[in-house]
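The values are calculated or read from the model by the stated rules, or taken from the named source; none is laboratory data. If you're wondering where the values come from, they're calculated on a predicted model, not measured in any experiment. Glycine also receives a Cβ, built like all others from the backbone with ideal geometry; neighbour counts cover every protein chain displayed. Ligands, DNA and RNA are excluded from the accessible area calculation, which covers all protein heavy atoms including side chains. Shrake-Rupley method; radii C 1.70, N 1.55, O 1.52, S 1.80 Å.
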Amino acid sequence: MQKWNQIFGFLILTILISCQYDPYAHKYTTNEPKESDLIGTYVFEKQTVDYNITEFKDSLNYQKVIPKIEINSNGTFKVVNLPVFETFDPTYIGLITQTGEWKISTVGFIGDGSGNLKKHWGIYLLGLPSDVQNAGLMNNEIPYGIIFGFGDPDAGQAMIFKKE
């Protein structure tokens, strides 16, 4: 019986130690933003998915590029050289340039530890690959940032854009 108690205790301890928290959760937008405050150009700031990738290069002439997201007031967007990582086992698959429509919506929820959930506001970039279609917003006031999360949120694998 004591052996089972030790095994059970070890399992509980393992679970407690392995429980983490999304390192960006405290920066997520939890107050619904005005659409007009989101209009503008967002430039690539950093990615924490693959530390071996220190810059992105155009596939045609291998020149260094700075990925951008343009959010327009008419409900359209344009991504230019947007890095795409496959979601669950994040793997870089290349850059895309594309246009489409966007809309503001909740993209998830954030727990505060008390059992209460707060909405995480973001934008849907309709028409992009599913791995980069849902973009979270960062900050609860302007300027907002854009974050794409990949894999387990607790691992902190993300791509972040700041407003220009």
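Values as computed for the structure displayed
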item	result
Whichever residue in the range 24-36 is surrounded by 14 or more Cβ atoms within 10 Å (Cβ to Cβ) and assigned to a loop (DSSP other than H, G, I, E, B) and, among such residues, is modelled with the lowest pLDDT	Tyr24
Where Asn140 falls short, out of the listed (1) touching a strand residue (DSSP E or B) at 6+ places or on another chain (Cβ under 8 Å); (2) in contact (Cβ under 8 Å) with a residue 40 or more places away in the chain	(1)
Residue count for the range 128-159, restricted to those that are assigned to a strand (DSSP E or B) and open to solvent by less than 70 Å² (accessible area, probe 1.4 Å)	11
Qualifying residue in the range 109-127 (condition: open to solvent by 50 Å² or more (accessible area, probe 1.4 Å), touching a His at 6+ places or on another chain (Cβ under 8 Å) and farther than 16 Å from Gln47 by Cβ)	yes
Subset of the range 49-104 that is of a type in the set (Val, Ile, Thr) and within 15 Å of Ser130 (Cβ to Cβ) - its residue that is surrounded by the fewest Cβ atoms within 10 Å (Cβ to Cβ)	Ile93
Any hit, the range 55-70, residues being within 19 Å of Trp121 (Cβ to Cβ) and in contact (Cβ under 8 Å) with a residue 12 or more places away in the chain	yes
The range 37-48, residues that are assigned to a loop (DSSP other than H, G, I, E, B) and open to solvent by 50 Å² or more (accessible area, probe 1.4 Å)	Ile39
Residue tally, condition within 17 Å of Met138 (Cβ to Cβ) and part of a loop (DSSP other than H, G, I, E, B), over the range 49-78	2
Residue within the range 89-106 that is within 14 Å of the chain's Cα centre (by Cα) and free of Cβ contacts under 8 Å to residues at least 40 places away in the same chain present	yes
Count - residues of the range 25-54 that are under 19 Å from Tyr92 (Cβ atoms) and either touching a helix residue (DSSP H, G or I) at 6+ places or on another chain (Cβ under 7 Å) or in contact (Cβ under 8 Å) with a residue 60 or more places away in the chain (or both)	7
Checklist (1) assigned to a strand (DSSP E or B); (2) on the phi < 0 side of the Ramachandran plot; (3) of a type outside the set (Ser, Thr, Tyr); (4) out of contact with any Asp or Glu (no Cβ under 9 Å at 6 or more places or on another chain) applied to Lys162, failing item	(4)
